[in-house]
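Notes for the one structure printed next.
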Amino acid sequence: MTKSYFIFVVVLLCFVSNPTFAQLKYLKDVNNIPEHPRILLQKGNEKALLQAINADNNWKKVHQLILAESDSMLQLPVLERIQVGKRLLDKSRECLRRVFFLSYAWRTTKDGKYLNRATKELIAVSKFKDWNPSHFLDVAEMTLGMAIGYDWLHPYLSSNVKKAIREAIITKGLLPSLDSKYNGWLKASHNWNQVCNAGMTYGALAVYEDHPELAKQIIDRAIESITLPIEDYNPDGAYPEGFGYWGYGTSFNVLFLSAIEKVFGNTFDLTNNNGFLNTPNYIVNMVGPTKKNFNYADNGDGAGLNAAMFWFAQHIKNPALLYTEKTYLDAIPKSMGKNRLLPAVMIWGAGINLNVINPPKDLIWVGQGKNPVALMRTSWTDPNAIFVGIKGGSPAVNHGHMDVGSFVMDAQGERWAMDFGMQQYESLESKGVDLWDMKQNSQRWQIFRYNNLAHNTLTFNNELQQVEGFAPITKYTNKTSFLSAITDVSAVYKGTVASANRGIAIADQKYVIVQDEITTSDKETTVRWTMVTPATVKLLENGIAELIQNNKKLQIKVIEPANVTLQTWSTEPVQPFDAPNPGTSLVGFEAKIPANTQTSLTVLLIPQDVVIKDEKKVPALNNWAKQK
């Protein structure tokens, strides 16, 4: 018995003998569970999976990609414990990818080369001194990957190898999760809760027969804890942390749900949440015709296959949710092989007929919640369609930016109004930046990409938005001729202006209106209106600018205030720790607003060759719902 395993046994005895910890809520009547393999793809399920693959060329292509990627892994050196800054996460994710792919390849082909290589990876990672519990996401993903390998390959592993992997899962995965120094995520409502609870549950399921009391405690705890992030999808399915973090947190959440449902035949009411069940509609609507997402908060603008969408399509029995996912599967880029959850796509998706999926019908989707959004477009099938996303919310949400009121816009197959998204965390942390302090005066808001001066929103008197402010979506219209949404952003400018409301609309399916209505307080105020663009900006007279990219044009025209002068601002780094932003610029204007005054800022974004009648007759925001 190793020293760490001996320590574990001592701690475990204390753990299970404590009546406070031993009180089970969900698994008190559970005794036996299925034999190995029991996680996701249970014993004997390979036959049905292979039949579904052979019956559909779409799934056959994905299956072959997994096998080809597994073949490429055979020549790689086994993983080493190399930590970058505070994180071991890239190694944990690569462990999960390799073990998941290789174990899948073994179970579907029974080719020994995959079994042998997966075993080598499992042994190597078992020997790591630890899995970096100070950054527990690293432990969670490592444990999940090791658990899949241990469970799926269990009948074919030697007793010594099984013992080594099992001890590693327990001492380097499950045991640290009992330490209050590392398990603060149990009370969080963001992606950490989802990922860490999934990882610990997989570890517990893998070693269940050897330590059933510990396993039940871990899983029972997870069922209770994971309700917190599931509540964050309410009321409509919008995910507070944005597109990329939806892909992370939600995918691990459904990995958790799928596993416990197959083992216990029960999801313990966790799938009865309407916001959670509606969240795939958020993801479908978040991607524009440019194939870029509305990347507010700490997210990049790329879009690709989301494993969780296949679970939702299967669970809700609604293949139409896979409209966007089908476009990714049609292309099958080689980069898809880097998606560490691709085998889960096969488990949840194979058998769904991808050839009869129609585009969504609604042209606007609105989601309230901690970070509300409105997403609208003129068409689902026209690659040149107009797409607009606008957000309210608060900078205080996890991974939030000072981007309240910000928007993106696609037209003519180009993204004209963009969001910088995140800066790589290590590039900031390595320079000593206190990135995760969300308070009003924290260093986080000095990062160029994170504050309102570098977003498509308003700034008053050059001041930052208020972190604790919150902006709801107050109204929207779903008329084809006037798709619109309005957000009351007053609270994020508290102390600067009396009120501020922003509306954005697609008018006549031809052009976009951005309208702000502002009431100042008892002091004169300078407002700055900005939009980030990758286009070349040509400033013209009379409040007009022409944007040019890829031989296409879009006009920015300021209707109110009259006689405004458009200008550009540099996006070059401001602080030594800021990332460069090549090929981009800020375009907009500044205007002084007298004290105790109501005023409107009305800007039109007009694609090339669009002619507008009565362009100056934009109605007040309270009349937008009356548009025909």
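The values are calculated or read from the model by the stated rules, or taken from the named source; none is laboratory data. Note that the structure is predicted; figures quoted are calculated from it, not measured. We place every Cβ from the backbone using ideal geometry, glycine too, and count neighbours over all the protein chains shown. The accessibility values were calculated without ligands, DNA or RNA, using every heavy atom of the protein model including side chains. Shrake-Rupley method; radii C 1.70, N 1.55, O 1.52, S 1.80 Å.
Considering the range 419-452, and only residues there that are aliphatic (A, V, I, L, M) and open to solvent by less than 40 Å² (accessible area, probe 1.4 Å), the residue that is farthest from Glu468 (Cα to Cα) turns out to be Leu428.
Which residue out of Asn278, Asn266 is closer than 28 Å to Thr327 by Cβ and surrounded by fewer than 24 Cβ atoms within 10 Å (Cβ to Cβ)?
Details: Asn266 fails: closer than 28 Å to Thr327 by Cβ.
Being closer than 28 Å to Thr327 by Cβ and surrounded by fewer than 24 Cβ atoms within 10 Å (Cβ to Cβ) holds for just one of Asn278, Asn266, which is Asn278.
Count of the range 26-59 residues, restricted to those that are modelled with pLDDT under 95, in a loop (DSSP other than H, G, I, E, B) and open to solvent by 70 Å² or more (accessible area, probe 1.4 Å), is 5. Candidates in the range 305-332 are the residues that are small (Gly, Ala, Ser) and open to solvent by less than 30 Å² (accessible area, probe 1.4 Å); of these, the one that is farthest from Gly265 (Cα to Cα) is Ala307. Residue count for the range 465-504 satisfying the condition of being buried (at least 17 other Cβ atoms within 10 Å of the Cβ), more than 23 Å from the chain's Cα centre (by Cα) and not in a strand (DSSP E or B): 8. Can you tell me which residues in the range 63-99 are among the hydrophobic types (A, V, I, L, M, F, W, C) and under 22 Å from Lys129 (Cα atoms)? Matches in the range 63-99: Leu76, Val78, Leu79, Ile82, Val84, Leu88, Leu89, Cys95, Leu96, Val99.
With the requirement that a residue be of a type outside the set (S, T, N, Q) and assigned to a loop (DSSP other than H, G, I, E, B), what does the range 436-456 give you? Spell out how you get there, then give the answer.
From the range 436-456, those of a type outside the set (S, T, N, Q) are 436-439, 444-445, 447-450, 453-455; that's our starting set.
Trp436, Asp437, Met438, Lys439, Ile447, His455 - these are the residues of the range 436-456 that are of a type outside the set (S, T, N, Q) and assigned to a loop (DSSP other than H, G, I, E, B).
Looking across the range 348-370, the residues that are assigned to a helix (DSSP H, G or I) and either farther than 30 Å from Gly149 by Cβ or at pLDDT below 95 (or both) come down to Leu354, Asn355, Val356.
Within the range 325-347, the presence of a residue that is assigned to a helix (DSSP H, G or I), in contact (Cβ under 8 Å) with a residue 24 or more places away in the chain and within 16 Å of Thr279 (Cβ to Cβ) is excluded. Quick one: is Phe252 at pLDDT 95 or above, crowded, with 18+ Cβ neighbours inside 10 Å and among the hydrophobic types (A, V, I, L, M, F, W, C)? For Phe252, the condition - at pLDDT 95 or above, crowded, with 18+ Cβ neighbours inside 10 Å and among the hydrophobic types (A, V, I, L, M, F, W, C) - is met. Among the residues of the range 548-574, those identified as farther than 25 Å from Glu517 by Cα, at pLDDT 95 or above and either open to solvent by 60 Å² or more (accessible area, probe 1.4 Å) or assigned to a strand (DSSP E or B) (or both) are Ile548, Gln549, Asn550, Asn551, Lys552, Lys553, Ser570, Glu572.
Among the residues of the range 233-262, those identified as in contact with a Ser or Thr (Cβ under 7 Å, 6 or more places away or on another chain) and under 20 Å from Leu321 (Cβ atoms) are Tyr233, Gly237, Tyr239, Thr250, Phe256, Leu257, Glu261.
Note on the range 199-213: residues that are part of a helix (DSSP H, G or I), more than 14 Å from Asp151 (Cβ to Cβ) and touching a residue at least 12 places away in the same chain (Cβ under 8 Å) amount to 2.
Looking at Ser189, is it assigned to a loop (DSSP other than H, G, I, E, B), within 18 Å of His399 (Cα to Cα) and open to solvent by 10 Å² or more (accessible area, probe 1.4 Å)? Break it down into steps so the answer makes sense when it comes.
Details: assigned to a loop (DSSP other than H, G, I, E, B): yes; within 18 Å of His399 (Cα to Cα): yes; open to solvent by 10 Å² or more (accessible area, probe 1.4 Å): yes.
So Ser189 passes the test.
In the range 585-619, which residue that is within 25 Å of Asn461 (Cβ to Cβ) and either among the aromatic types (Phe, Trp, Tyr) or not in a strand (DSSP E or B) (or both) is least open to solvent (accessible area, probe 1.4 Å)? Can you show your working first?
Going through the range 585-619, the residues within 25 Å of Asn461 (Cβ to Cβ) turn out to be 585-603.
If we keep only those that are either among the aromatic types (Phe, Trp, Tyr) or not in a strand (DSSP E or B) (or both) too, we end up with 589, 594-597.
On the way: Phe589: 1, Pro594: 72, Ala595: 37, Asn596: 117, Thr597: 38 Å².
Only one residue fits best here, namely Phe589.
If only one of Lys91, Lys86, Lys129 is closer than 26 Å to Lys181 by Cα, open to solvent by 10 Å² or more (accessible area, probe 1.4 Å) and touching a His at 6+ places or on another chain (Cβ under 6 Å), which one is it? Even if it seems obvious, please write down each step before you answer.
On the way: Lys91 fails: touching a His at 6+ places or on another chain (Cβ under 6 Å); Lys129 fails: touching a His at 6+ places or on another chain (Cβ under 6 Å).
Going through Lys91, Lys86, Lys129 in turn, the sole match is Lys86.
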